[in-house]
Every structure is written in structure tokens, then in C-alpha cells.
Amino acid sequence: MPAADVVVIGAGLAGLACAHALAQRGARVVVLAKGMATTHWTAGSIDVAAPAGAASAREGVRLLAARRDHPYAILQRHVDDAFGALRDMLAAQGLAQVGDLDSPIRTVPTGIGATRPVSIVPEAQADALPEWGADEGLIVCGIEGFKDFWPTAVAASLARPQVWARADSTAAISSPATVVATTAVLPRVADRHNLTALHLARAFDDPVWRELALDAIANAVDRVMPRKPARVGLPAVLGLRDHAAVLDKIRDRVGTPVFEMPLVPPSIPGLRMFDALRRGLLAAGGRIQIGESVARFETRGRHVTLIATPAAVREFAVRAGAVVLATGGIAGGGLVARSDGTFEEAVLGLPVEAPRRDDWFAVDPFDANGHPLEAAGVQVDDELRPVDRKGKAIFENVRVVGANLAGQRWIRERCGDGVALASAHRAALSLSHDGLATGRPLPSTADSTGAAVAAGAGGEWRDR
């Protein structure tokens, strides 16, 4: 039976970051996940912390860490190193991030005509960050036939100055002086039924088609370009695997600042981030297998010793030296409700701190304090081991990370990515200090073999 030093359950930001950190420390790591994670939903930015009153992510972390029940109370000291590790790894995979923990939180536009507070974004969204000049305009450029981005409606919404204000801030509003819409007719796509962001992103990866498409976009922008300075906002579809080349080409061709505007899922910036994280993990020697939920586990005393998932003929079982739970909380199915009004962690059956059932249904769906269930999660000690009501560790070799942690309001506080990264870093340090199990290396997984074939390795993948 194959053995791993650490089995990470969940392939979101927390799971992949933790697995990468462990693999870099020499651990034999396998990531098991039932499906794709929230990276495919998100805008590609790194939301470390933006609670009310915070001018920067660092200040937001400090404000949240002052609450004893918040994960940042034990993770604050790990945020810098965790973010630095992610930034370096993404940059090595060609996906640079702009901004840091001390950058000011700004409001940037989205593909639905709203704005969101950010301070750390992918390079493709960086031109949206600077404050708007007094006479600077915004050109919203859509694509004919692409129904997930309506430039006229987006421009009409963004023309309202109040859209650019942070509800929790008294700072002066920075917004474009004018907002106009235009539409580009790209070759061979305008008449296509059900044109999606993924179709367009893959098309932009084709260098021949790309040149024709960039000419069409530049012409559409030129038709409405004002005499005064302007920036161009495009739907976030500028390539998937050859994104950096697409971005360089379009900025050179348009000749004015250009940025992507995040869309409804599936998120192309999120797909780029997932792909970069996966490549980084495989390069560090980790393995990843996606497609099945955990079917069962075995324990010995207060240690989880085996994790098993279904497979085509027989189950895939791995002897585990340690386990990291990164299953995504309520949104990822990591926490589930039971008929008796309680919640349970879905893999190991851990107890969950959650509001009583009467509070599951919010009276006001737009309550500024968020939904009560948002703060549900597993209680942990300083080592991120799950604990019972008396604070005693339930499993000595299990660590809980990311959205599974109790006490965070990740929607309202915009702290989900920061908690994911800091807890992943803390869990990797903790397990490394505990020492790692030894055993026969894992066999190739379907994902690692496929990655080797895609890289031109002829399907061969040698175990470490």
C-alpha cells in the first residue's frame, strides 16, 4: 500500500499552498479532492483582509487578530511569510501579483458593473488600481456574442460615482470622469452559440487568431477613444496558458493602460491561479488526484493512519503520516448540516462550532454583519489541531486550514485568502517540526501523469 508523509484533502488555495510548502521541505505529499475548488469562482486577487476601517491588508489583519475568536489571533505572525511564499511561487509560474500587505485598499471595477476592494491583484488587473485622474476616462470594451459581459450595462453602472465608494470608508471617492462602452467583433466567434469565457481564453492562446482579435479590439477602442487620458477595461478572458504573452501584446497594440475585469464563474483568473499552483506543487514533487470524495479513514489511538477514496476497480488507499483538512468549509462542502440542527465536518466527523438552527435563516439577506453561518467552523489549538469542547486535541496528526476554521467572516472581512495562506503555512511548519512518516513512495496519479504527457515527457513519470 502506498504511503505519504502528509495527505492533504482539498485542492483549493489552502490545500495546494500547504502541500507545496510541505513538498519543498522534503515531505512526500498527495492532494486528494472531490473536485475543483473555489479558485475557479474567485477573481484571482488575494484577499488577505479588508474589514471596516482598514486602509491596508496589514492593518486589516491587525484589526481582526485583536479578536480572540478569529483565526488571525493565532495566524497573524505567519501572514508575511505565507504571502511571500505564494507570490514567489506564482511568479515562478509566470503569474505575477501586484501589491503587498501595505498597499492601500482600492476599489476596482468588475464585469457586472460593481466594484470590489482589493490591494493585491494579478498583473492583468494592476492598471485598475491607481486613483483616477480628474479628467481620466474608462472605456469598457465588450465582445460581440459574449453574453457574460454586457459593456453598455456595465458602463452605465460604473458611471455612477457612488459605485466606487467603500461603504465602510470616509475616504474621498476616486472614480473615472467618464465611462463609455464599445464592442469588438472578434473573428469566428460572434455567431457562436453559448460563447463562454473559457472558449475565448483558449482562443487567445492561439497566436494567429490572437493577432486578428487584438486588431479588432484596438479598432473598437479607437472608435470611442477620447482626447483626454483613458484606461480600457476588458472581460477577463485574455488567454489561459499563454496569458502573459496576450497581456503584453494587447497593451502594446492598444497603447493605453488596459486591465481585465473579473466575470461570473468560471473565473479565468482563478483557473490561471489553480493551474500555477498545481504546476508548482508537481514541480516540488507533490502529487494531486482529483475526482473522488474520501470514502473512509482509519485511526490508531489519536492518529489518523489511512485515507481512502473510491476508484474504478478498487479503492485508492494511502497510509498517512499526517492529514491536512482543506475542504473549504460550508461553501466547499467541508462542513455539512445535520437534521438535529448541528453541523459536522464532512471527512473525519469533527465537531463544528456553529449558530443554533434558528439562526440559519437570516431575516435580512443584506445584513451588513453577514450571515451568522459564515463564522461556522472547527475549533483548533495553536498548532491547528482540531479540539473538543474542553480544548483537547482530537487527533494529534491532523491539521485544519482555510475556510474550515471557526470565527472568520470571510465574505464581509475579505480575509479568506489570507487565512488560507497563513493557516497552510502554519500547518506545514507544525507538521515539519513533528517529524514525517516514512514508507514506500506514492505511485503516479492520473493528474501527475497527464501533466508529464502535456509537458512532452512521453507519459513517463519516475517516482522519487
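The condition (being touching a Phe, Trp or Tyr at 6+ places or on another chain (Cβ under 7 Å) and acidic (Asp, Glu)) is satisfied by just one residue among Asp135, Asp80, Asp127, Asp69: Asp127. Of the candidates Gly44, Gly15, the single residue that is crowded, with 18+ Cβ neighbours inside 10 Å, touching a helix residue (DSSP H, G or I) at 6+ places or on another chain (Cβ under 8 Å), part of a helix (DSSP H, G or I) and of a type outside the set (A, V, I, L, M, F, W, C) is Gly15. Every condition in (1) more than 25 Å from Leu431 (Cβ to Cβ); (2) buried (at least 22 other Cβ atoms within 10 Å of the Cβ) holds for Ala320 except the one numbered (1). Applying the selection to the stretch 120-150, what residues are within 30 Å of Ala92 (Cβ to Cβ) and assigned to a loop (DSSP other than H, G, I, E, B)? If the condition is that a residue be within 30 Å of Ala92 (Cβ to Cβ) and assigned to a loop (DSSP other than H, G, I, E, B), then Ile120, Leu129, Pro130 are the ones that fit. Please tell me if Val232 is among the aliphatic types (A, V, I, L, M) and over 30 Å from Gly94 (Cβ atoms). No, not satisfied.
The one condition from (1) in contact with a Pro (Cβ under 6 Å, 6 or more places away or on another chain); (2) more than 27 Å from Arg116 (Cα to Cα) that Arg231 does not meet is (2).
Looking at Asp127, Asp135, Asp148, which one is surrounded by fewer than 16 Cβ atoms within 10 Å (Cβ to Cβ), in the same structural domain as Asn194 (by TED's automatic domain parsing) and either within 24 Å of Asn219 (Cα to Cα) or within 22 Å of the chain's Cα centre (by Cα) (or both)?
Asp135
Given the options Gly370, Gly329, Gly349, name the one that is buried (at least 21 other Cβ atoms within 10 Å of the Cβ) and either polar (S, T, N, Q) or at positive phi (or both).
Gly329
When only residues in the stretch 189-220 that are without any contact (Cβ under 8 Å) to a residue 12 or more places away in the chain and more than 18 Å from Arg251 (Cα to Cα) count, which is surrounded by the fewest Cβ atoms within 10 Å (Cβ to Cβ)? The extreme case among them is His193. Taken as a whole, the condition of being over 15 Å from Leu32 (Cβ atoms), surrounded by fewer than 16 Cβ atoms within 10 Å (Cβ to Cβ) and out of contact with any Cys (no Cβ under 6 Å at 6 or more places or on another chain) applies to Pro265.
Just to check your reading of the model, which residue among Ala362, Ala422 is aliphatic (A, V, I, L, M), free of Cβ contacts under 8 Å to residues at least 12 places away in the same chain and either in contact with a Pro (Cβ under 9 Å, 6 or more places away or on another chain) or in a loop (DSSP other than H, G, I, E, B) (or both)? Result of the check over Ala362, Ala422: Ala362. Among the residues of the stretch 287-305, those identified as free of Cβ contacts under 8 Å to residues at least 24 places away in the same chain and touching a strand residue (DSSP E or B) at 6+ places or on another chain (Cβ under 6 Å) are Ala295, Arg296, Glu298, Thr305. The requirement of being in contact with a strand residue (DSSP E or B) (Cβ under 9 Å, 6 or more places away or on another chain) and not in a helix (DSSP H, G or I) is fulfilled nowhere in the stretch 73-93; no residue meets it.
Counted as qualifying within the stretch 151-232 are the helices (runs of 4 or more DSSP H) with 1 or more residues that are polar (S, T, N, Q), namely 151-158, 207-224.
Report whether or not Val61 is of a type outside the set (Ser, Thr, Tyr) and outside any helix (DSSP H, G or I). No, not satisfied.
Screening Ala172 with (1) closer than 18 Å to Leu129 by Cβ; (2) surrounded by 13 or more Cβ atoms within 10 Å (Cβ to Cβ) gives one miss only, at (2).
For the stretch 383-419, which positions are surrounded by fewer than 24 Cβ atoms within 10 Å (Cβ to Cβ), assigned to a strand (DSSP E or B) and touching a residue at least 40 places away in the same chain (Cβ under 8 Å)? Scanning the stretch 383-419 gives Pro386, Ala393. Considering the stretch 102-121, the residues that are within 18 Å of Leu198 (Cα to Cα) and under 18 Å from the mean Cα position of the chain (by Cα) include one that is surrounded by the most Cβ atoms within 10 Å (Cβ to Cβ), namely Gly111. Does at least one position in the stretch 222-229 carry a residue that is over 24 Å from the mean Cα position of the chain (by Cα), closer than 27 Å to Arg106 by Cβ and surrounded by fewer than 13 Cβ atoms within 10 Å (Cβ to Cβ)? Yes, the stretch 222-229 contains at least one residue that is over 24 Å from the mean Cα position of the chain (by Cα), closer than 27 Å to Arg106 by Cβ and surrounded by fewer than 13 Cβ atoms within 10 Å (Cβ to Cβ).
Number of residues in the stretch 26-71 that are more than 17 Å from Ala326 (Cβ to Cβ) and out of contact with any strand residue (DSSP E or B) (no Cβ under 8 Å at 6 or more places or on another chain): the value is 21. Here Ile250 meets each of (1) in a helix (DSSP H, G or I); (2) modelled with pLDDT under 95 with one exception, condition (2).
Condition check for Val8 on (1) crowded, with 19+ Cβ neighbours inside 10 Å; (2) modelled with pLDDT under 95: one failure, at (2).
Screening the stretch 329-375 for residues that are within 28 Å of Ser423 (Cα to Cα) and β-branched (Val, Ile, Thr) and picking the one that is nearest to the chain's Cα centre (by Cα) gives Ile330.
The values are calculated or read from the model by the stated rules, or taken from the named source; none is laboratory data. Nothing here was measured: the structure is a model prediction, and the numbers come from that model. Cβ atoms come from the backbone with ideal geometry, glycine included; neighbour counts cover every protein chain shown.
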